[in-house]
Amino acid sequence: MTQTSALRRIGAALALAAVLAVVSACSPRPADTETHDPFETVNRTWFDRNLALASAVQRPSDTADALHSADAPTMTPAPTGGDVLQRRVRRFGSNLSHPRYVVNDLLQLRPDRAAENAWRFVINSTIGLGGLFDPAAAMGLQGRPTDFGETLHRWGANEGAYVVLPFFGPSTERDAAGMVVDLMLDPLRHVLPGREHAAASAARLAGRLADQAAFSDVIDANVMRSEDPYVQARLLFLQARRHHLGMESEDDFIDPYADFPD
């Protein structure tokens, strides 16, 4: 074992210990409320800063204003070359996340989901040209995103307080801690050389930016036009996250992105 490899293992162990300490300190949600937001002042500051950052990478809102106007006709605009490229970037970045999904599926004792995500990654990485196309979906392999935050939920960790992270946006204490572990668990981190892994990470980041741009119209309609955008964004995130984890029933959940094309 080289000195660099040993230092990486020690650093990973220390980071994991720190994450577990954070998770163990996560306070449970009060029984008489649906939200636990003791950091609201700081959260609102980062919410505003993230919006300013998003506005720099999202397409202009003129189209969204026209589409969401009460006087505008109901129609679906034809996809442009930029829309197609954006979708390809999203798919490419999402495909690179599937090895991490597989690891978390196994930690959650869900071998069926691990197999589906693994096959989806293999097929889209080969036939789908690295994820630019999605032949796996045509074969019935839809896959299911997951993360170490969900793994912690399966292990019984509390959700903790609601937080807004710089750039990454809405989260919870448990999910924020899980993001750190996901970085360490990423199989590509241990397989690809440093330069190639950095390129893969950049591709995932580009995919995340493409996601933000793709959902900008929906966010404009469901969040920015509400009386308090921060409260609305918090509500939608917690509803969606709890539904994903199986904590919310179908009757209690309204998906604001249900009609948005993939």
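Could you tell me whether any residue of segment 171-181 is loosely packed, with under 14 Cβ neighbours inside 10 Å and either outside any helix (DSSP H, G or I) or modelled with pLDDT under 90 (or both)?
No: segment 171-181 contains no residue that is loosely packed, with under 14 Cβ neighbours inside 10 Å and either outside any helix (DSSP H, G or I) or modelled with pLDDT under 90 (or both).
Go through (1) closer than 28 Å to PHE47 by Cα; (2) assigned to a loop (DSSP other than H, G, I, E, B) for VAL89 and report which single condition fails.
Every condition holds for VAL89 apart from (2).
I'd like the full set of residues that are in contact with an Asp or Glu (Cβ under 6 Å, 6 or more places away or on another chain) and in a loop (DSSP other than H, G, I, E, B), limited to segment 148-169.
Listed by number, the residues that qualify are GLY160, ALA161.
Within segment 87-97, does at least one residue satisfy the condition of being small (Gly, Ala, Ser), in contact with a strand residue (DSSP E or B) (Cβ under 9 Å, 6 or more places away or on another chain) and at pLDDT 70 or above? Even if it seems obvious, please write down each step before you answer.
Within segment 87-97, the subset small (Gly, Ala, Ser) is 93-94, 97.
Cutting the leftovers down to in contact with a strand residue (DSSP E or B) (Cβ under 9 Å, 6 or more places away or on another chain) gives us none.
Checking segment 87-97: not a single residue is small (Gly, Ala, Ser), in contact with a strand residue (DSSP E or B) (Cβ under 9 Å, 6 or more places away or on another chain) and at pLDDT 70 or above.
Can you find, within segment 103-147, the residue that is surrounded by the fewest Cβ atoms within 10 Å (Cβ to Cβ) among those that are touching a residue at least 40 places away in the same chain (Cβ under 8 Å) and assigned to a helix (DSSP H, G or I)?
Result: LEU107.
Mind checking which pairs have a first residue in segment 22-35 that is at pLDDT 70 or above and a second that is assigned to a helix (DSSP H, G or I) and of a type in the set (A, V, I, L, M), Cβ under 8 Å, 6 or more apart or different chains?
CYS26/ALA177; GLU34/LEU238; THR35/LEU235; THR35/LEU238
The values are calculated or read from the model by the stated rules, or taken from the named source; none is laboratory data. Model, not experiment: these values are computed from the prediction. Methodologically, a virtual Cβ is constructed for each residue, glycine included, from the backbone with ideal geometry; neighbour enumeration extends over all protein chains shown.
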